[in-house]
Amino acid sequence: MRILLTLIFLISNLVLSQTNTQTDFRSALTGESTNFGTSFFYNQPSKVILGSAYLFDEWNNDGEIQTLTGERFLVRNINLNISRNAFEAKINDNDSIFSFNFNNIKQIIINGKYYKNYFYNEDNRVYELVYSGKTFSILKGFTVKLVTGSGNPMVNRSNDKYVKKESYFIRYNDKKTIESFKMNKRSLNKLFENNLKDVSRILAFIDSGNLSYKDEKDVLRMLEFAFDK
């Protein structure tokens, strides 16, 4: 009976495009194999931990999952578990979680942002796609670390705490390599020097728009002007 209720809840929270997609979720909830992931119960920690290992502070996010075979479907209550590098969706209020894998998933869109999974140099990670061009892409990666609390009053950290960090990367489409990338003026100007457009025009565009090298939205405008127009 519990499995049936869980199935009804999950299906009611999904807008499915194909019947076989619905079948995959049914098989996951009954313990059978699935191309999209598996379900499990989340056990609350016995002690207080500040922060979260999830990317978003809240779970009220709608996501669109696009598969390698061209299917698309929507999932409510989705979040990225940074420590597991997996997207997870809350099935109900009883701490039941569905964890997605990327075996058959091309990308996931949440709040207008695209997320993809890349494997490189023995590292399998989920990245946010900040910019996608013909020759390279700018990615944002996420890490989380559990910092242990201390009884020392001088430290002022009585509870354990999750600390999240963002880092930028560049992925070259021809070599499929992923390298660390600093989002600053020096690194971006070096990129601009490698395109066919006059660098002075790009710098003039940046100055005229009062764009900041530290603002991600402004950097996206720079990249689109330099490489897409």
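We did not get these values from a lab; they are worked out from the coordinates using the rules stated. Owing to the predicted nature of the structure, the values given are computational and were not obtained by experimental measurement.
Exceeding 26 Å between C-alpha atoms, which entries from my cross-link table qualify? They are 106/197; 47/145; 190/217; 47/106. Over 26 Å Cα-Cα: 106/197; 47/106. One way to sum up the overall shape of segment 182-229 is the equivalent ellipsoid from its Cα gyration tensor, whose semi-axes run 15, 12, 10 Å, largest first. Segment 156-209 and segment 106-148 have Cα centres spaced 14 Å apart.
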